[in-house]
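These notes concern the structure reproduced below.
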Amino acid sequence: MSQVFYSKDHEWVAVGADGLATIGITDHAQQALGDIVFVELPEAGRSVAKGEACGVVESVKAASDVYAPLSGTVVEVNPSIVDEPAKVNAVAESDGWFFKLRLDDPAALSTLMDRAAYDEFLGKLA
Amino acid sequence: MAKTPLDALHRRLGARMVEFAGYEMPLQYQGIMAEHHACRTKAALFDVSHMGQAEIAEIEAFCHLVPGDITGLKPGRQRYTLLLNEAGGILDDLMVANLGSHLQVVLNASRKAADVAHMRAHGVAVTTHFDRALLALQGPKAAEMLPEATHLKFMDAAPVTIEGIDCIVTRSGYTGEDGFEISCAGFDGEALAELLLAREAVPAGLGARDSLRLEAGLCLYGNDIDETTSPVAAGLGFALSRKRLAEGRFLGGAALIKAQAEGTAEKLVGIKLDGRAPARAGAEIRLPGGGRIGRVTSGVFSPTLNVPIALGYVRSDCTEIGTALELIVRDKPLSGQVTSLPFVHHNYVR
């Protein structure tokens with residue numbers, strides 16, 4: 001089982017046995033956005049800094065950026081959500097992942113929240 | 001922030017509420033896409049009580065402020081018209097119904113206070129009914145759900161009693177579909193909404209209202225038209241009476257006659273984009289590889305057509321249907337074409 005972390009920008013980060021971090025938006029984020037109609041992903045090979053806008057999701061009504069929750073290099077993206085953006089609404093925290101990063105500093109994961117801390121964070125937003 | 005008479009119902013239905021024109025309004029209930037499709041295939045119910053309802057007794061003074069032929073509006077009929085400023089710019093767009101003893105107007109929420117002040121400053125006695133409820137029942141099943149009002153045709157207006165509730169009903173709307181706008185006392189609003197929901201109308205919020213009106217090619221005040229916009233540029237020629245334009249005896253008349261004779265530098269067009277990424281209000285419009293020729297004023301992903309659509313102003317020599325355009329989104333050009341309006345055909349029952 002991979003361990004999952006969460007950012008205040010409502011992204012989840014799952015670190016696999018290969019050390020790669022899979023990143024997507026949380027279920028809370030997809031619900032807040034509403035029906036997603038367009039996804040733009042970063043190019044593989046691009047290096048991104050923590051907090052950098054590196055993707056876009058558009059709902060019927062509005063656009064919002066997807067941020068890199070940690071610094072690293074994009075090694076893979078999920079083309080299935082480009083072809084079928086509604087998949088992000090349906091399975092945001094699994095098959096609706098956005099991209100995989102090779103982290104510059106795996107220790108930086110500790111700056112993110114675990115599930116309990118993220119749930120508490122969401123509770124404070126409500 | 002102000003609330004409509006249906007506020008408690010919205011919360012019971014689990015609406016996501018947003019601020020709009022000083023009101024707490026439902027953005028969506030189950031989701032914009034589902035609500036949009038419900039309106040195009042069945043019937044949707046919108047709370048539009050934030051819009052300003054008012055009564056005008058003297059037609060003549062009011063006529064001085066609009067370019068439409070209101071003296072020619074027969075009792076029981078409704079018309080779309082405009083309040084213009086001296087420069088021929090649009091202060092508001094509104095619906096006017098002749099109810100026999102008086103005119104009933106429906107004003108945009110964001111403009112209603114300014115409209116009333118403007119009308120009163122020009123000697124029009126206005127009685128406001130801003131506490132009344134206004135519901136829009138829109139969609140191909142709307143008539144089935146409101147048999148009490150099926151004697152009305154498109155743009156008719158009449159008092160109608162619905163299960164004991166006194167209403168003023170017009171057969172009109174802002175979605176391009178057949179449907180009704182139903183006005184009643186604020187305290188009856190919730191009961192009226194409940195009985196329409198019981199007839200299987202699907203509650204729909206401002207999100208779907210916006211995507212529906214945009215597909216129908218209808219302007220939104222504040223986005224597509226404002227005080228600096230000439231009705232000639234906005235393609236609202238249908239709201240201008242030829243007779244009244246010839247006379248020119250209304251506020252903004254001289255400017256409007258000039259705009260019509262000389263044309264305007266820009267015109268509003270419909271735009272279809274090639275990809276899936278929508279272009280939103282403010283996006284720059286260019287000719288392919290060329291310079292700026294205009295800007296997007298409304299943009300949405302069309303749930304009916306499954307492509308992004310937009311309204312925008314472009315230089316008047318670039319308005320031909322099929323003209324290739326580039327819309328600049330996140331510093332990148334998206335390709336699209338000028339398209340005829342409406343994007344989705346109207347289904348009015350005439």
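The values are calculated or read from the model by the stated rules, or taken from the named source; none is laboratory data. The shown structure was predicted, so the numbers you read here are calculated from the model rather than taken from an experiment. Cβ: placed from backbone, ideal geometry, glycine included. Neighbour counts: every protein chain shown. For the accessible areas, the whole protein counts, side chains as well, though only heavy atoms, and no ligand, DNA or RNA atoms are used. Shrake-Rupley method; radii C 1.70, N 1.55, O 1.52, S 1.80 Å.
Around the Cα centre of the protein assembly as shown, unit charges on the Cβ atoms of Lys, Arg, Asp and Glu (plus for the first two, minus for the last two) sum to a dipole of about 1120 debye. Measuring with a 1.4 angstrom probe and ignoring ligands and nucleic acids, residue A:75 comes out at about 50 Å² accessible. Could you pull out the pairs from A:61/B:42; A:50/A:100; A:8/A:50; A:8/A:124 whose alpha carbons sit more than 20 Å apart here? From A:61/B:42; A:50/A:100; A:8/A:50; A:8/A:124, over 20 Å: A:61/B:42.
Radius of gyration over Kirkwood radius for segment B:126-206, both on Cα atoms: the Rg/Rh ratio is 0.93. Scaling against 2.2 N^0.38 Å puts the C-alpha radius of gyration of segment B:173-239 at 1.42.
Comparing the full protein assembly with the isolated chain, the residues of segment B:282-305 losing at least 10 square angstrom of accessible surface (1.4 Å probe) are B:300, B:301.
Have a look at A:38, A:91, A:48 and report the one farthest towards the positive end of the charge dipole of segment A:3-114, computed about the Cα centre with Cβ charges (Lys/Arg +1, Asp/Glu -1). Working it through, the farthest residue towards the positive pole turns out to be A:48. Taking Lys and Arg as +1 and Asp and Glu as -1, the other residues whose beta-carbon sits under 10 Å from that of residue B:160 total -2. Shielding value for B:271-280 is 3, the average number of Cβ atoms from other chains within 10 Å of each residue's Cβ. Judged by the ratio a/c of the largest to the smallest principal axis of the C-alpha gyration tensor, segment A:20-78 counts as prolate, that ratio being 1.5 or greater while a/b is larger than b/c. Heavy-atom accessible area for residue B:64, with the other protein chains in place and a 1.4 Å probe, reaches approximately 90 Å². A straight Cα-to-Cα reach below 23 Å connects residue B:112 with the lysines B:3, residues fewer than 8 places away in its own chain not being considered. When nucleic acids and ligands are ignored and a 1.4 Å probe is applied, residue B:42 ends up with an accessible area of around 100 Å². Chains B and A together bury roughly 1300 Å² of accessible surface, counting both sides and using a 1.4 Å probe on protein heavy atoms. Under the classification rounded if a/c is under 1.5, otherwise prolate if a/b is larger than b/c and oblate if not, where does chain B fall, given a ≥ b ≥ c as square roots of the Cα gyration tensor eigenvalues? It is oblate, given that a/c is not under 1.5 and a/b is not larger than b/c.
For the protein assembly as shown, with all protein chains in place and a probe radius of 1.4 Å, 52% of the accessible heavy-atom surface sits on carbon or sulfur. Between the residues B:10, B:114, B:89, the greatest Cα displacement towards the positive end of the dipole of chain B, with unit charges on the Cβ of Lys, Arg, Asp and Glu, is found for B:89. The largest accessible area among B:10, B:129, B:122, B:151 belongs to the first residue in B:151, B:122, B:129, B:10, and the rest follow in falling order (1.4 Å probe, all chains). Largest GNM mean-square fluctuation among B:115, B:331, B:226, using chain B with Cα springs under 10 Å: B:331.
For segment A:3-114, rounded, prolate or oblate, judged on the Cα gyration tensor with a ≥ b ≥ c (square roots of eigenvalues), a/c < 1.5 rounded, else prolate if a/b > b/c? Here segment A:3-114 falls in the prolate category.
The distance linking segment B:120-197 with segment A:105-126 is 49 Å (Cα centroid to Cα centroid, whole angstrom). About its Cα centre, chain B has a charge dipole of approximately 720 debye under the convention of +1 per Lys or Arg Cβ and -1 per Asp or Glu Cβ, with nothing else charged. Computed about the Cα centre, the dipole magnitude for chain A is approximately 200 debye when only Lys and Arg (+1) and Asp and Glu (-1) carry charge, each at its Cβ.
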